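Trainee: Supplied in structure tokens, the structure appears directly below.
Read-outs throughout are calculated quantities, based only on the coordinates presented, and are distinct from any laboratory measurement. This structure is a prediction, so every number in the text was calculated from the model and none was measured. A quick note on method: Cβ atoms are made from the backbone with ideal geometry, for glycine too, and the neighbour counts reach across all protein chains shown.
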Amino acid sequence: MRAPYQEYQAVEEAAMQFVKSVAEGNSQYARELFTDEAVLFGYLDGKLEHGSIEQFYHNVDTVAAGENFKARVDVLLLEETLAVVRVLEEGWGGRIDFTDVLLLLKMDGQWKCVAKAYNQNSDTVQK
């Protein structure tokens, strides 16, 4: 059975905390979304980032998104306690395009992100 529309809205709103943090260069909103144990995996300019979500917070707090930054949230999968969200980012830091995949679990009635994996579009990689 498909989840009710309001649940899709709740997942999208949760993921928008991620987008708001990136757009404003302030990890405060993402810290409300991610669990303390959340993990990060992806390649930034060809270098593997993996481990604690703290690295993502550091990136957000030290690189401004830029005035041309754009983002879109797509809820790809939604089950009773599990959601997969894709976030498309364009122009982060004035030059990088990302595709992020967020894995969310519903915990104590709230959607929380437990993992973030991402791809940096190859035409935006600086070597």
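Trainee: Can you list, largest first and rounded to whole Å, the semi-axes you get for segment 5-124 by taking the square root of 5 times each eigenvalue of its Cα gyration tensor?
Mentor: Over the Cα atoms of segment 5-124, the semi-axes work out to 22, 15, 13 Å.
Trainee: Multiply the residue gap between residue 105 and residue 86 by 0.36 nm, knock off their C-alpha separation, and tell me the result in nm, one decimal place. Intermediate results must be reported in sequence, preceding the final value.
Mentor: Numbers: separation 19, 0.36 × 19 = 6.84 nm, distance 1.47 nm.
That pair, residue 105 and residue 86, stretches by 5.4 nm at full extension.
Trainee: What are the GluC sites (Glu not before Pro) within segment 50-100 that DSSP puts in a loop, where the Cβ has at most 16 other Cβ atoms within 10 Å? Before the final figure, lay out each step's value.
Mentor: On the way: sites: 54, 67, 79, 80, 89, 90; in loops: 67, 79, 80.
Passing both the DSSP loop test and the Cβ count: 67, 79, 80.
Trainee: Given the pairs 47/116; 70/106; 20/70; 47/70; 70/127, which are separated by over 22 angstrom at their Cα positions? All intermediate terms of the calculation are to be shown ahead of the outcome.
Mentor: Working: 47/116 16 Å; 70/106 27 Å; 20/70 11 Å; 47/70 24 Å; 70/127 24 Å.
From the list (47/116; 70/106; 20/70; 47/70; 70/127), the Cα-Cα distance tops 22 Å for 70/106; 47/70; 70/127.
Trainee: So, one more: Residue 35 to residue 95: FRET efficiency via 1/(1 + (r/R0)^6), r the Cβ-Cβ distance, R0 35 Å, to the nearest 0.05?
Mentor: On the way: r = 30 Å, r/R0 = 0.86.
It comes out at approximately 0.70.
Trainee: Once the Cα atoms of helix 5-24 and of the chain are each reduced to a long axis, what angle between those two axes, in degrees from 0 to 90 to the nearest 10, is obtained?
Mentor: Approximately 20 degrees, to the nearest 10.
Trainee: If you don't mind, there's one more thing I want to ask. Any chance you could check the Cα centroid distance between segment 33-79 and segment 86-127 for me, in angstrom?
Mentor: Centre-to-centre (Cα) distance: 5 Å.
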